[in-house]
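Student: One structure, pasted below without further comment.
The values are calculated or read from the model by the stated rules, or taken from the named source; none is laboratory data. As the structure is a computational prediction, the values presented were derived from the model and not from experiment. So basically every Cβ, Gly included, is an ideal-geometry build from the backbone, and we count neighbours across all protein chains shown.
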Amino acid sequence: MTPARPADIPSKSHHRPWLPYLALLSGILALSLSSLFVRWANDAPGPVTAFYRMAVATVAFAPLFMREVRRHGLGNTPRWLFLPLLGGCFTALDHTTWSIALHETRIATATLMNNLAPLWVGLFAALIWRESLRGRFWLGLALTLSGATLVLGSDFIYRPQLNRGNFLALGSSLFYAAYFLTTQRGRERFPALVYIFMVTATASLVLLGINLASAQPLSGFAPSTYLAFLGAGLISQVIGYFSVAYALGHLPASVVAPTMVAQPVLTALMAIPLAGEPLNLTQILGGIVVLSGIYLVNLSTPQAKHQPAAAESQPEIPIHSSNLERQP
């Protein structure tokens, strides 16, 4: 994978406005395999799988990150290091609460609650960042979440449960939303590769601490489990998170987050051939509703929000803090 350099990004995004959307699509496809990798690593606790996913990705990103730093440096960006550090902490907490929730409540219920993240992102962007979100956005968001409910949450609707697993899944949606919001700001100040390496490295360290503190086993698994760890790290994390981080450098989080709801829908589709779990008619209709909502969300976004990030639109001075200030 070729690192995304600050000097390269303006020309690509300016002449190829579809590139951030292509990156977002590839990220969704890669992340759609996440739950399948967890399923295939069935003899490992969820937080352990999350740790190996981040650790493998950190090792894979390290040579590219070092080359990026040697070629372009970091300049005054240490002032903004709290952003990728926060992003890494939010990622670790999201994966930890999510993986525990999967063992304490229904998978469909936990997935539905985790995908409330777009709602928190939209509310935060509108109320705190004062982003102008049109009525079409809220209609699209409602369709997106309604479609996800049809695909993933029918079991919860007809037989609701309120237990610790549900609350953990709800908490994971807040951490997931916080990652999106932090990354939108972080990608204004760091190239995609630099930012996502720091996020992944931070998340792996936090997850290691969580596993050690809870005395989780870190070895002794079946060979197929280690292959699942490798796939989760290289596909879901390296390809998935890098692609989404690139997209967040050019598209607002209020667009990226609802579009990411397509991820569990694609997971359900992939589960047909890969896990032998066919979809019913309700789930198929829900997928159509999700895609309709995503379309409305993207149509409602002002064109100004599609411009490249401030840190990347000035390639000759991409790292000076005086040129990185941008009002929400």
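Student: If a residue has to be crowded, with 18+ Cβ neighbours inside 10 Å and modelled with pLDDT under 90 to count, how many in region 66-94 make the cut?
Tutor: Qualifying residue count for the region: 3.
Okay, residues lined up against (1) crowded, with 24+ Cβ neighbours inside 10 Å; (2) β-branched (Val, Ile, Thr); (3) more than 19 Å from the chain's Cα centre (by Cα):
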| position | (1), (2), (3) |
| --- | --- |
| Val206 | no, yes, no |
| Leu218 | no, no, yes |
| Val255 | yes, yes, no |
| Pro258 | yes, no, no |
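Student: Same structure again: Those residues that are closer than 10 Å to Ala245 by Cβ and of a type in the set (A, V, I, L, M), I need them from region 174-193; list them, please.
Tutor: Scanning region 174-193 gives Ala192, Leu193.
Student: Determine, yes or no, whether Val206 is among the hydrophobic types (A, V, I, L, M, F, W, C), touching a helix residue (DSSP H, G or I) at 6+ places or on another chain (Cβ under 8 Å), assigned to a helix (DSSP H, G or I) and under 20 Å from Ser243 (Cα atoms).
Tutor: no
Student: Mind checking whether some residue in region 153-163 is surrounded by fewer than 24 Cβ atoms within 10 Å (Cβ to Cβ) and at pLDDT 75 or above?
Tutor: no
Student: Could you grab me the full set of residues in region 173-187 that are crowded, with 22+ Cβ neighbours inside 10 Å and over 12 Å from the mean Cα position of the chain (by Cα)?
Tutor: Scanning region 173-187 gives Gly186, Arg187.
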